[in-house]
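What follows draws every value from the coordinates through simple rules; no lab data is involved. Owing to the predicted nature of the structure, the values given are computational and were not obtained by experimental measurement. Every residue, glycine as well, gets a Cβ built from its backbone with ideal geometry; the counts of neighbours run over all protein chains shown.
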Amino acid sequence: MIQLNFLLQIFLAVFLLRSAIQIYLHQLNIAHIQCHGKTVPEMFRDIIDPEKLKTISAYTVDSENFQNVVTQANQGLLLILLFSGFLPWLVRTIGRWEYELIPSGLMFFAGLSLFTNILRIPFSLYDTFVIEARYGFNVMSLKTWVSDFIKSLFLVTLLGGLLLSLLLALIRHGGDTWWIWAWMLVGGFELILLWLFPVVILPLFNKFDRIDNKELEDRITTLMEKVGIHTKGIFKMDASKRTKHTNAFFVGLGRTKRIVLFDTLFISHTEEEMLAILAHEAGHWKKKHVIRMLIPLEILSLVSLYVVAKLLNWPLLYHTFGFQEPVVYVGLFLIGIFFSLLGHFAQPLESGISRRFELEADDFARKLMGTGEPMCSALKRIAADNLANLTPHPLYAWFYYSHPPLVERIERLTASNHG
């Protein structure tokens, strides 16, 4: 039976505070769009007309309203899992594995995953085939969606099951310092995935071909070599079989490093714009943004695992949520929920660091291209093609945005051109 003690009171207080912040910021942003999203910013008037702006505002409102519903539904589902007695029932159901930590832990998380994924299917379908389709983005067939879902479920089951099995084995056999070994395991696992992602995982979902424009390929290669970036290839991804959104990215590690362009980029962007986008991505690479973000995250991971090790056998944690005694895999789940709650309040810090990195990458692209004009033009086109919100509320952007608002980025690049 659930115990209304100080730990539960703290949990509920933090949970409700997080939900209140999410709802408040969402409503604030929607109201700001409806108030200020009726006038095209001057810098966008060459590419976005008032009718297009109406579409942008409508898409932003629809998609953000829906995401808010999904967020609150997920949180409601979590409360049901915690307070309905489902978790103790699930543990009792797999009780015959009581003395086998790994199989019982795998069955526990598999049961949770099955339950939550089934309930989330309607939301995913609605997002893809209603909202994204309404605004002309979705071109995915139901067959492709089902195929992607099955592949994703298989990968999560395989890789997640493998990592969880190793983690539980370390908890059982690693002694008091199991958390140090677990930290090394998780870090190594992440590096392996980074290395395998472009050559094993991504090809399961998309087709990658060498770009058929030899002149553009040579220009990209020359541009990248100018800053010492040598890749194993420049690839075009068949994103257009799923969406009309545009994107480009670096992926991989060491010999698997790739430059990937969505094929949708070739439809709407000039070569100069594509080169500027890649110069921006090169800026992330050369400024070592991944490593600079990874180091504090790895330190946080080590501290988190130490805290997990200290709390894993804390009786109050289990009694609060209806368990008579500690159950390791349940403890991992419950502690993970607390970490997720607290992590939400660190979102502005993470977003701020990311925005700073984006500005550094913009500066790098401007210097590499010799001018900020191609990047400005690319950002405008990205805004128009992806129906990006041009007028987010400053507080909402401060809390959530990993990239500075587009108006701010373009103003900064334009000022640099004139400086």
Among Phe86, Val61, Ala282, which residue has its Cα positioned farthest towards the positive end of the charge dipole of the chain, with +1 placed on the Cβ of Lys and Arg, -1 on the Cβ of Asp and Glu, and the dipole taken about the Cα centre? Phe86
Let me see the pair-distance distribution of region 114-200: every alpha carbon pair, 5 Å bin width, integer percents in order. 3, 11, 15, 16, 13, 14, 12, 8, 5, 3, 1, 0
Computed from every Cα-Cα pair in region 33-191, P(r) in 5 Å bins starting at 0 and rounded to whole percents is 1, 7, 11, 12, 13, 13, 12, 9, 8, 6, 4, 3, 1, 0
Taking every DSSP beta bridge with both residues inside region 206-268, roughly what % is antiparallel (nearest 5)? 65
Taking each pair of different alpha-carbon atoms in region 206-268 once, compute 1/r for the pair, average those values, and report the inverse of that mean as the Kirkwood hydrodynamic radius in Å to one decimal. 12.2
For region 151-257, Rg(Cα) over 2.2 N^0.38 Å is 1.44
What does DSSP give for the chain in terms of the percent of beta bridges that are antiparallel, rounded to the nearest 5? 70
Which lysines, if any, have their Cα less than 21 Å from the Cα of Lys241, not counting same-chain residues under 8 positions apart? Lys143, Lys151, Lys207
Explain nothing, just compute: Karplus ³J(HN,Hα) = 6.51 cos²θ - 1.76 cosθ + 1.60, θ = phi - 60°, for every residue of region 383-395 in order, whole Hz, x for Gly and Pro. 4, 5, 5, 9, 6, 6, 5, 8, 9, x, 5, x, 5
Enter the Cα centre distance for the pair region 325-392 and region 226-264, rounded to the nearest angstrom. 19
DSSP loop GluC sites (Glu not before Pro) in region 41-102 with at most 11 other Cβ atoms within 10 Å of their Cβ, which ones? Glu98
Can you show me the helix-derived [θ] at 222 nm for the chain, built from DSSP H runs with n ≥ 4 at -39,500 (n - 2.57) apiece and divided by the number of residues, rounded to the nearest 500. -23000 deg cm²/dmol
What list of ³J(HN,Hα) couplings, whole Hz, do you get for region 292-300 from phi and the Karplus terms 6.51, -1.76, 1.60, once you set θ to phi - 60° and write x for glycine and proline? 5, 7, 5, 4, x, 5, 5, 4, 4
The chain, convex hull of Cα, quarter of hull surface, nm² -> 21.6
Long-range amide H contacts for Lys287: which residues qualify at under 5 Å (H placed 1.01 Å from N, peptide plane, sequence gap of 5 or more or a different chain)? none
Enumerate the amide H contacts of Phe235 below 5 Å, restricted to partners 5 or more residues apart or on another chain; note that Pro and chain-start residues carry no placed amide H. Ile259, Val260, Leu261
Between the alpha carbon centres of region 70-96 and region 157-176 the gap in Å comes to 22
Ignoring trypsin sites (Lys or Arg not before Pro) buried by more than 13 other Cβ within 10 Å or outside DSSP loops, the longest site-free run in the chain is 46-206
If you take the square roots of the eigenvalues of the alpha-carbon gyration tensor of region 231-309 and sort them as a ≥ b ≥ c, do you get rounded (a/c under 1.5), prolate (a/b over b/c) or oblate? prolate
Please list 3J(HN,Hα) in residue order for region 188-194, calculated via the Karplus relation 6.51 cos²θ - 1.76 cosθ + 1.60 where θ = phi - 60°; whole Hz, with x for glycine and proline. x, 4, 5, 5, 5, 5, 4
In whole percent, what relative contact order does the chain give with Cα contacts below 8 Å and a gap of six or more residues? 22
